[in-house]
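The values are calculated or read from the model by the stated rules, or taken from the named source; none is laboratory data. Fair warning: this is a prediction, and the values are worked out from it, not measured in the lab. All Cβ positions, glycine included, derive from the backbone under ideal geometry; neighbour counts span all protein chains shown. Keep in mind that these areas ignore ligands, DNA and RNA; they rest on the heavy atoms of the full protein, side chains included. Shrake-Rupley method; radii C 1.70, N 1.55, O 1.52, S 1.80 Å.
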Amino acid sequence: MGKIVYLMGKSSSGKDTVYKKLLEEKELSLHTVALYTTRPIRVGEKEGVEYHFTDEEGFQKLQREGKVIEDRLYRTVQGGWRYFTVAQEDDFEPERNYLMIGTLESYEKVRDYFGKERMLPVFIDLDDGVRLQRALDRERAQEVPQYEEMCRRFLADTQDFGEEKIRAAGIGKRFVNDDLDRCLAEILCYIKETCGKQETDQKKE
C-alpha cells in the first residue's frame, strides 16, 4: 500500500517550500492532490494546480454527495474561507505515494479516513520569532499587505498547534527548518527509509 506523506506546521514555517522541493524529487514519485477552497483565486494561481476553486454552494454540494474527507473554515478579515479535501475517483490509488499539506486537524481527519498505516506525518517546526519575521517579510512584499490577517494566522497557530494536540495526534518526529537544505535532506531520508521498508515488507509477504 502506498503512503500519504502529510506535511504540516505553523504558518511561515516553510512547509510550502518543502512541499515544492519534495515534488522535484523524481525518485520519490510523489503524486499530488489539489485541495479545494472557497477563497478567491490569487494572481499567478491556476485552477487545479494550487487549488480547485469553488464557492460555498459548491462545497455544500460535494458534502451532500459524501465526497468531502475533511474541511476547515477560517474566519479571515476578508470573510469566511473554506479549505477541504475531496475524494475523487482518480485520486488516492492504493499503490501510489501521495504528498499532501494541511493542518494538524486536517491530518487527523485524513488519517481517520484512510487509516494510520497509510499515513506518514511530516511536521515542520521553527522558532516563533523566526517565523514571525519571515511572515512580516513575506507580507511586506505583497502588493496589498494584509498585516491584520497575518497576525490572526500567527496567533491562531498557538491554539491549532498546541503541544497537547500534537501529542494527541501521535506526532513524535519533527523537522526543524532553520536550514532548508539540512531540513530537506532529513525529510528525504525519512521518506525513503519508510517507503523502502514498506516495499521490503511487501516483498516478504
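Miscellaneous remarks
- For ARG64, the conditions (1) surrounded by 13 or more Cβ atoms within 10 Å (Cβ to Cβ); (2) over 29 Å from ILE191 (Cβ atoms) are fulfilled apart from (1).
- With respect to the conditions (1) over 28 Å from ILE69 (Cβ atoms); (2) in a loop (DSSP other than H, G, I, E, B), ASP137 lacks only one, and its number is (2).
- For the range 123-134, the criterion of a residue being closer than 17 Å to ASP16 by Cα, in contact (Cβ under 8 Å) with a residue 12 or more places away in the chain and within 12 Å of the chain's Cα centre (by Cα) is satisfied by at least one position.
- Candidate set from the range 120-134 (those that are part of a strand (DSSP E or B) and among the aliphatic types (A, V, I, L, M)); member that is nearest to SER12 (Cα to Cα): ILE124
- Answer from TYR98, TYR83 - the residue that is part of a strand (DSSP E or B), touching a residue at least 12 places away in the same chain (Cβ under 8 Å), among the hydroxyl-bearing types (Ser, Thr, Tyr) and in contact with a Lys or Arg (Cβ under 6 Å, 6 or more places away or on another chain): TYR83
- Any hit, the range 139-157, residues being more than 25 Å from TRP81 (Cα to Cα) and over 16 Å from the mean Cα position of the chain (by Cα): no
- Take the conditions (1) part of a helix (DSSP H, G or I); (2) at pLDDT 95 or above; ASP157 misses just one of them, which is (2).
- Of the listed requirements (1) assigned to a loop (DSSP other than H, G, I, E, B); (2) charged (D, E, K, R); (3) open to solvent by 50 Å² or more (accessible area, probe 1.4 Å); (4) without any contact (Cβ under 8 Å) to a residue 24 or more places away in the chain, ASP112 misses just one: (1).
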